[in-house]
1. Of the residues that make up region 160-170, is at least one of a type in the set (Lys, Arg), closer than 15 Å to Ile96 by Cβ and without any contact (Cβ under 8 Å) to a residue 40 or more places away in the chain?
2. List, please: which pairs have Cβ atoms under 9 Å, are six or more places apart or on different chains, and start with a residue in region 171-186 that is closer than 12 Å to Gly201 by Cβ and end with one that is hydroxyl-bearing (Ser, Thr, Tyr)?
3. Return yes or no: is Gly39 among the small types (Gly, Ala, Ser) and either at pLDDT 95 or above or more than 23 Å from the chain's Cα centre (by Cα) (or both)?
4. Residues in region 297-310 that are touching an Asp or Glu at 6+ places or on another chain (Cβ under 9 Å) and farther than 18 Å from Glu322 by Cβ: how many?
5. Would you point out the residue of region 231-278, among those that are hydroxyl-bearing (Ser, Thr, Tyr) and farther than 19 Å from Thr362 by Cα, that is nearest to the chain's Cα centre (by Cα)?
6. Which residue pairs have Cβ atoms under 6 Å apart, sit 6 or more places apart or on different chains, and have a first residue in region 235-250 that is surrounded by fewer than 16 Cβ atoms within 10 Å (Cβ to Cβ) and a second that is part of a loop (DSSP other than H, G, I, E, B)?
7. If the Cβ limit is 7 Å and pairs must be 6+ apart or interchain, which residue in region 41-53 that is on the phi > 0 side of the Ramachandran plot pairs with which residue that is part of a helix (DSSP H, G or I)?
8. Of all residues in region 245-269, which are out of contact with any Pro (no Cβ under 9 Å at 6 or more places or on another chain) and either under 18 Å from Ala346 (Cβ atoms) or outside any strand (DSSP E or B) (or both)?
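The values are calculated or read from the model by the stated rules, or taken from the named source; none is laboratory data. Just so you know, these numbers come straight off a predicted model, no measurement behind them. Quick reminder, even Gly has a Cβ in these numbers, built from the backbone with ideal geometry, and neighbours come from all protein chains shown.
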Amino acid sequence: MAEISIDGVRKTFGKTVATRDVTLRIEDREFMVLLGPSGCGKTTLLRCIAGLEQVDTGRILIGGQEVTDLPPRRRRIAMVFQSYAVFPHLSIHDNIAFGLRMRHVPDEEIKTRVREAAELLHIADLLERHPAQISGGQRQRVAVARAIAVQAEVLLMDEPLSNLDALLRMEMRAELKRLLKDLHSTVVYVTHDQVEALSLGDRIAVMKDGAILQCGTPLGVYDFPASQFIGGFIGNPPMNFLPGRLRSSGTQLEVQVGEAILRPGPEAERQLRSVTGDRVTLGVRAENVDVSSAPMEFTLPASVLVIEPLGSHNLLTAEVGEVRVKVNTRADAPFTLGQTVWLRMAPEKIRWLDPATGLAIT
């Protein structure tokens with residue numbers, strides 16, 4: 001068993017707080033992604049798990065054993081760094097074998113494990129070469145092969161694909177997902193790329209300013225962000241946000257957005273009745289907005305500002321009052337610049353937020 005328990009971990013560098021009393025439980029064989037912008041503390045937290053940084057306060061347990069004060073070599077982990085960290089003077093074979101030799105594994109077993117890891121990463125024909133003789137993508141495979149060869153219970157990965165070009169990053173992402181599912185290791189993966197996070201992780205922990213703001217499944221975090229920051233950070237394009245005003249129409253609660261009146265569903269109405277004041281923020285994804293060239297009930301009039309053809313679909317930027325909204329449409333949709341269109345948002349896909357705090361209303 002290799003579950004990881006992080007209990008109130010705080011790490012500072014001088015006056016800078018890198019992690020703020022972080023508590024997180026990662027299940028055995030789970031793929032956990034730490035996601036956030038640069039400087040949010042995700043790499044520091046990973047290094048604390050690895051033992052490369054000593055925590056100021058809090059505890060870290062791996063497989064039920066406290067490892068807070070143990071050196072990295074006694075934590076049953078392997079790590080893949082952003083910079084590959086391959087040794088230029090060693091062959092690919094010896095690079096992969098390095099961790100095994102440090103653990104005093106017998107030579108015959110080293111040969112077997114190196115060959116198995118190289119075959120998994122499709123680099124078995126490169127074992128006699130040196131890092132200068134292979135590409136960046138192949139060097140990244142060497143770093144991953146070295147980590148998996150030691151058969152560690154916990155695999156820590158610090159932005160391992162960030163130095164690759166876009167096409168190679170996509171290919172490696174698919175390979176990693178296939179490979180890591182077969183390894184049955186507990187994986188903690190750090191990235192600032194929300195596409196990587198959504199496609200790879202069993203769960204995502206979104207971080208900002210050293211704290212975890214939300215932890216959940218990729219679809220759960222994408223569809224139901226806990227705050228405006230998370231909705232704006234995750235998604236391409238980011239979630240749209242529109243100001244609204246609550247009003248009553250008899251027993252029905254309505255939301256006025258610009259010139260339009262929206263009627264929330266029963267569950268959303270229950271949530272909105274708990275709001276103090278009459279202001280609310282409406283959050284909706286680009287794919288959850290329908291665009292029409294004719295007015296309909298409960299739609300927002302908007303003016304088309306930009307049309308971006310993206311092959312499979314078009315991305316429309318429309319202006320609702322002073323707010324710009326991103327909307328996905330069919331590639332053959334007959335809209336033109338300057339045209340007035342009407343936007344209808346799927347009520348069940350709207351996320352309601354408190355404009356004062358930026359937090360979701362629940």
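1. Initially, region 160-170 is screened for residues of a type in the set (Lys, Arg), giving 169.
Filter again for closer than 15 Å to Ile96 by Cβ, leaving none.
No, region 160-170 contains no residue that is of a type in the set (Lys, Arg), closer than 15 Å to Ile96 by Cβ and without any contact (Cβ under 8 Å) to a residue 40 or more places away in the chain.
2. Close Cβ pairs (under 9 Å, with a partner that is hydroxyl-bearing (Ser, Thr, Tyr)) amount to Arg173/Ser199; Leu176/Tyr189; Lys177/Ser199; Leu180/Tyr189.
3. no
4. Looking only at that region, the number is 1.
5. It comes out as Ser248.
6. Qualifying pairs under 6 Å: Arg245/Asp278.
7. Here the result reads Gly51/Pro72, each pair linking region 41-53 to a residue that is part of a helix (DSSP H, G or I).
8. If the condition is that a residue be out of contact with any Pro (no Cβ under 9 Å at 6 or more places or on another chain) and either under 18 Å from Ala346 (Cβ atoms) or outside any strand (DSSP E or B) (or both), then Gly250, Thr251, Ile261, Pro266, Glu267, Glu269 are the ones that fit.
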